[in-house]
Structures are given as C-alpha cells and as structure tokens.
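> Got a structure for you, questions after.
The values are calculated or read from the model by the stated rules, or taken from the named source; none is laboratory data. Being a predicted model, the structure only gives us computed values, none of them experimental. Here Cβ is always computed from backbone atoms with ideal geometry, including for glycine, and neighbour counts include all displayed protein chains.
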Amino acid sequence: MKAKSAGKKIWVSVVMGSDSDLPVMTEAAKILDEFGIGYELVLTSAHRTPERTTKFAKTAAGRGVKIILVGAGAAAHLAGVIASQTLLPVIGVPIDATSLRGLDALLSTVQMPGGIPVATMAIGKAGAKNAALFAARALALEDKSLNAKLTAYVKKMARDVEKKQQNLKVL
Ligand code: RP5
C-alpha cells in the first residue's frame, strides 16, 4: 500500500513497527485520505531497527511533518522511543498482535514516564481511526477548510444514528 496523498505536503507520518500492523493502520490512512491530509507510511521498529527509528524521529520535523501516528504491538516501545527523539506530538495506537490481545501494547504505549508524552488511543482499528481524527482536529486549529470537513463528518455521524433509530426492528 502506498500513501494516496501524492503531490500534497506530508503533514502526518503513519508509522508502524511491522508490516503485520498495516491492516490496522490502514484505518488511519483511510481517514487521512478522506480529509485530504497528506501523509506517509513508514515501517520501522524500535527493537529490530533502532537506528532507522532514530533517523526517522530526528528528521521528521525538518521534513515538515506535524504529527506522528505510531501503531505497534507486543512490548510496544515504538511510540515512546520516537517521542523521546522529537518534539512533534506522537499519537500511539496499540495493536493486538499477541496472545495478550493488545493489552501488552496498550500498557507499553500509555504508561510513559513523566516528561515524554504519548497520546494513546484505543487498541486496534478504532484506535487507528481515532488517531487520524485526533490529528485532523489538531491540524484543523489552523485550517478552516479542514475544520469544515470535520464539522460535516460529525454531523453525518449524528444523521446516521437517527436513520438507524428509524430502522430499528426487533430481531
Ligand atoms: C511489534 O511486534 C510490531 O509492531 C508488531 O505489532 C509485532 C509483531 O511483529 P511481527 O512479528 O508480525 O513482525 O514490533
């Protein structure tokens, strides 16, 4: 899968620790596509490619990236390791990759020691989707057209619930 934002400025890095995380992190990419936000997909591991991870973290801001989304499973140190090497905001997505079903990744990602923040989303696809929406909300602070798209998105969700209410039937 390639980022579909060719020609756009890359504002968001969607990072993952393994290509096995891609089915989950695709949910983030879909939202960024929907909102027309330029992004890149980056594969790097805190444990298997520590130097590559450092190089990515240290160069992201200089390349114009504004927010980093990080999906990782198991002993998921990737978001914290990246956050320790950049001042960009980092949003972590715990991935369900082991027999602990993502609880390991959730605790590894969320329990950062004071001083290095990682905003941590829910485990799995909902977390990946919300990570992108959270990034969109942050970027919308300085982008009126993005703000309008988010407003429309939220209104459509509410309309969809109303429609579902009308179609509720006892099974
Ligand atoms: C983590 O280990 C990755 O983020 C992935 O979720 C998990 C398993 O990786 P693979 O063994 O599938 O490459 O570093």
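> When you check residue 155 against the structure, is it touching a residue at least 12 places away in the same chain (Cβ under 8 Å), over 24 Å from residue 19 (Cβ atoms) and charged (D, E, K, R), yes or no?
It is false that residue 155 is touching a residue at least 12 places away in the same chain (Cβ under 8 Å), over 24 Å from residue 19 (Cβ atoms) and charged (D, E, K, R).
> State which residue pairs qualify: first residue more than 13 Å from residue 41 (Cβ to Cβ) and inside segment 3-25, second residue within 10 Å of the ligand (Cβ to nearest atom) in any location, beta carbons under 8 Å apart, and separation of 6 or more residues or different chains.
Final answer for the pair search is 20/73; 20/97.
> Please find, among 54, 86, the residue that is touching a helix residue (DSSP H, G or I) at 6+ places or on another chain (Cβ under 7 Å) and either at pLDDT 95 or above or closer than 16 Å to residue 19 by Cα (or both). Even if it seems obvious, please write down each step before you answer.
Details: 54 fails: touching a helix residue (DSSP H, G or I) at 6+ places or on another chain (Cβ under 7 Å).
Unique residue meeting the criteria: 86.
One line per residue, one yes/no per condition, for (1) in a helix (DSSP H, G or I); (2) out of contact with any strand residue (DSSP E or B) (no Cβ under 7 Å at 6 or more places or on another chain):
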residue: 128; (1), (2): yes, no
residue: 142; (1), (2): no, yes
residue: 156; (1), (2): yes, yes
residue: 165; (1), (2): yes, yes
residue: 169; (1), (2): no, yes
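> Only one of these is within 15 Å of the chain's Cα centre (by Cα) and either farther than 19 Å from residue 108 by Cα or near the ligand (Cβ under 8 Å from one of its atoms) (or both): 44, 26. Name it. Explain how you work it out, then say what you get.
Details: 44 fails: either farther than 19 Å from residue 108 by Cα or near the ligand (Cβ under 8 Å from one of its atoms) (or both).
After ruling out the rest, the residue left standing is 26.
> Okay, next question. Restricting attention to segment 97-118, which residues are within 11 Å of the ligand (Cβ to nearest atom) and over 15 Å from the mean Cα position of the chain (by Cα)?
First pass over segment 97-118, keeping only residues within 11 Å of the ligand (Cβ to nearest atom): 97-98, 102, 104-105, 108-109.
Hits for segment 97-118 are 97, 98, 102, 104, 108.
> Does at least one position in segment 63-78 carry a residue that is more than 14 Å from the ligand (Cβ to nearest atom), in a helix (DSSP H, G or I) and surrounded by fewer than 16 Cβ atoms within 10 Å (Cβ to Cβ)?
Within segment 63-78, the first condition is being more than 14 Å from the ligand (Cβ to nearest atom), and the residues that meet it are 63-68.
Add one more test, that the residue is in a helix (DSSP H, G or I), and what stays is 63.
Keeping just the survivors that are surrounded by fewer than 16 Cβ atoms within 10 Å (Cβ to Cβ) gives 63.
Yes, the conditions are met somewhere in segment 63-78.
> Name the single residue, out of those in segment 91-124 being part of a strand (DSSP E or B) and touching a residue at least 40 places away in the same chain (Cβ under 8 Å), that is surrounded by the most Cβ atoms within 10 Å (Cβ to Cβ). Full working, then the answer.
Taking segment 91-124 and keeping what is part of a strand (DSSP E or B), we get 91-95, 119-120.
After this cut, where a residue has to be touching a residue at least 40 places away in the same chain (Cβ under 8 Å) as well, the list is 91, 93, 95, 120.
Working: 91: 26, 93: 36, 95: 31, 120: 25.
The qualifying residue surrounded by the most Cβ atoms within 10 Å (Cβ to Cβ) is 93.
> Still on this structure, I have one more. Which ones in segment 32-41 are away from the ligand (no atom under 16 Å from the Cβ) and either within 16 Å of residue 84 (Cβ to Cβ) or not in a helix (DSSP H, G or I) (or both)?
Taking segment 32-41 as the starting set, the residues that turn out to be away from the ligand (no atom under 16 Å from the Cβ) are 32-40.
Those that are away from the ligand (no atom under 16 Å from the Cβ) and either within 16 Å of residue 84 (Cβ to Cβ) or not in a helix (DSSP H, G or I) (or both): 35, 36, 37, 38, 39, 40.
> Scan segment 1-22 residue by residue and report those that are surrounded by 15 or more Cβ atoms within 10 Å (Cβ to Cβ) and either among the charged types (D, E, K, R) or modelled with pLDDT of 95 or more (or both). So that I can check it myself, show each step before the final result.
The first filter runs over segment 1-22 and keeps only residues surrounded by 15 or more Cβ atoms within 10 Å (Cβ to Cβ), leaving 3, 5, 10-18, 21-22.
Scanning segment 1-22 gives 10, 11, 12, 13, 14, 15, 16, 17, 18, 21, 22.
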